[in-house]
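Q: My questions will all concern the structure given below.
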Amino acid sequence: MGTRYSDFTTSSKQLFQNSEVQFLTINVSEYHAYKLDAAKIVADAKLALEALESELEKIGYRSRYTHEIEAAKDAWKAELNRLKQIRYTGPGFKPEVAGHLDDVLPEFAEALQSCLTQTEVIGCVNQLIDDDAIIIGASGSLPGDLQRMWESRRPNTYHMEYGYSCMGYEISGALGVKMAEPDKEVYVMVGDGSYLMLHSELVTSLQEGKKINVLLFDNAAFGCINNLQMENGMGSFGTEFRYRNPDTGQLDGRLIPIDFAKSAAGYGVKTYKVKTLEELRTAIEDAKKQAVSTLIDIKVLPKTMTSGYESWWHVGIAGVSGNVKVQKAYQNKEDNLKKARQY
């Protein structure tokens, strides 16, 4: 219902392998309803479901499902609880996105002076904010994590830009939501990379007296793009916030510590620095009392977002390379393309 059959929802069609399976789609958009040879109903989802229910009752339809749906929900609930409780345990800790930064995570922990994981922070925020508060997100690893982990308690409290992962949308989107819902607390979750790209509407929120709350996840990197680089064989290139190394001439020097709270304080925003869950709890509770926009500078370890759960994304990879890892990644891409159903 309402799906656009995007690369994310279909795992670049790789999930759709069984030629005997047919998909039924209900979409108010004719364009999206006609994708991927679906059996299509072009209609409002609620009205279509009510009409289908009426017709199915007439023929005495009964689902063959027994315990499967309940079992799936219970299994995900257990996984959700696990994600919320992931703690960094020092050297040897296995991150969610495994095999990339195992050996340098202590370096990030030292530079960020924090051992918080992204999933435990999301779980904590979900518990602390008011039921009618609205959250905003757009780009990087956060939309995927929020899609999986966020539990909304009221309608119309979850605002996510899923179209093209628009970096920089987050804070301007939050201001727009606050203008539409002035009596509700609005929280924007944004990575440090996207924040650096565009956060000027934070100043506009002060100018207009529209309070928004910025939850800034600082992992010293463009983490999502870094994951793609690593997973496709090329290694990290310009996506970690590091000094240029005079010995190598490359951006592989020391990590750059950025005090985002101090920067935002210069605008007139009420700011907080967070390196522990207790500091996060204190900051969120105090932010609720403020009349001015707030920014909570949360230092989180990289590679502690949720994993891919065996999904695959079709990314362009060089077909000719002297790098063995790139060659392997290219072959993996070709193998997965063969699995995807052709439409």
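Q: Report, ordered by the first and then the second residue, all pairs with beta carbons closer than 7 Å, sequence separation of six or more or different chains, a first member in region 66-92 that is more than 15 Å from MET149 (Cβ to Cβ), and a second member that is modelled with pLDDT of 95 or more and in a helix (DSSP H, G or I).
A: Every condition considered, the pairs that remain are ARG87/GLU120.
Q: Additional query: Report, by residue number, each residue of region 237-275 that is among the hydroxyl-bearing types (Ser, Thr, Tyr), in a loop (DSSP other than H, G, I, E, B) and surrounded by fewer than 18 Cβ atoms within 10 Å (Cβ to Cβ).
A: Applying the first criterion (among the hydroxyl-bearing types (Ser, Thr, Tyr)) to region 237-275 yields 239, 243, 248, 263, 267, 271-272.
With the extra rule that they be in a loop (DSSP other than H, G, I, E, B), the set shrinks to 239, 243, 248, 267.
Those that are among the hydroxyl-bearing types (Ser, Thr, Tyr), in a loop (DSSP other than H, G, I, E, B) and surrounded by fewer than 18 Cβ atoms within 10 Å (Cβ to Cβ): TYR243, THR248, TYR267.
Q: Still on this model: Spot the failing condition for ILE212; the list is (1) closer than 16 Å to GLY168 by Cβ; (2) in contact (Cβ under 8 Å) with a residue 40 or more places away in the chain; (3) among the hydrophobic types (A, V, I, L, M, F, W, C); (4) out of contact with any Ser or Thr (no Cβ under 9 Å at 6 or more places or on another chain), and only one is missed.
A: Single failed check for ILE212: (4).
Q: Take ASN126 and tell me if it is within 16 Å of ILE86 (Cβ to Cβ), touching an Asp or Glu at 6+ places or on another chain (Cβ under 9 Å) and surrounded by fewer than 21 Cβ atoms within 10 Å (Cβ to Cβ).
A: Working: within 16 Å of ILE86 (Cβ to Cβ): yes; touching an Asp or Glu at 6+ places or on another chain (Cβ under 9 Å): yes; surrounded by fewer than 21 Cβ atoms within 10 Å (Cβ to Cβ): yes.
Considered against the rule, which asks whether it is within 16 Å of ILE86 (Cβ to Cβ), touching an Asp or Glu at 6+ places or on another chain (Cβ under 9 Å) and surrounded by fewer than 21 Cβ atoms within 10 Å (Cβ to Cβ), ASN126 comes out as yes.
Q: Next question, about the same structure. Quick check: is even one residue across region 42-63 surrounded by 11 or more Cβ atoms within 10 Å (Cβ to Cβ) and in a loop (DSSP other than H, G, I, E, B)?
A: Looking for residues that are surrounded by 11 or more Cβ atoms within 10 Å (Cβ to Cβ) and in a loop (DSSP other than H, G, I, E, B), one finds at least one in region 42-63, hence yes.
Q: If you scan region 272-304, which residues turn out to be within 26 Å of ILE86 (Cα to Cα) and either polar (S, T, N, Q) or in contact with a Gly (Cβ under 7 Å, 6 or more places away or on another chain) (or both)?
A: From region 272-304, those within 26 Å of ILE86 (Cα to Cα) are 272-287, 295-304; that's our starting set.
Matches in region 272-304: THR276, THR282, PRO302, THR304.
Q: Among the helices (runs of 4 or more DSSP H) lying completely within region 85-162, list those that include at least 2 residues that are closer than 25 Å to THR239 by Cα and under 20 Å from the mean Cα position of the chain (by Cα).
A: On the way: elements: 105-112, 118-128, 142-149.
Fully inside region 85-162 and qualifying: 118-128, 142-149.
Q: Does region 178-195 contain at least one residue that is more than 23 Å from LYS275 (Cβ to Cβ), assigned by TED's automatic domain parsing to the domain that holds LYS262 and assigned to a strand (DSSP E or B)?
A: yes
Q: Do we find a residue being under 14 Å from VAL300 (Cβ atoms) and of a type outside the set (A, V, I, L, M) anywhere in region 68-79? Break it down stepwise before answering.
A: Start the filter on region 68-79 by keeping residues that are under 14 Å from VAL300 (Cβ atoms), which leaves none.
Looking for residues that are under 14 Å from VAL300 (Cβ atoms) and of a type outside the set (A, V, I, L, M), one finds none in region 68-79, hence no.
Q: I need the full set of residues from region 277-298 which are more than 12 Å from VAL125 (Cα to Cα), among the aliphatic types (A, V, I, L, M) and in contact with a strand residue (DSSP E or B) (Cβ under 6 Å, 6 or more places away or on another chain), in order please.
A: Of everything in region 277-298, those that are more than 12 Å from VAL125 (Cα to Cα), among the aliphatic types (A, V, I, L, M) and in contact with a strand residue (DSSP E or B) (Cβ under 6 Å, 6 or more places away or on another chain) turn out to be ALA287, VAL292, LEU295.
The values are calculated or read from the model by the stated rules, or taken from the named source; none is laboratory data. Just so we're clear, the structure is a prediction, and the values are computed from it rather than from any experiment. As a convention, Cβ positions derive from the backbone with ideal geometry for all residues, glycine included, and neighbour counts pool all protein chains shown.
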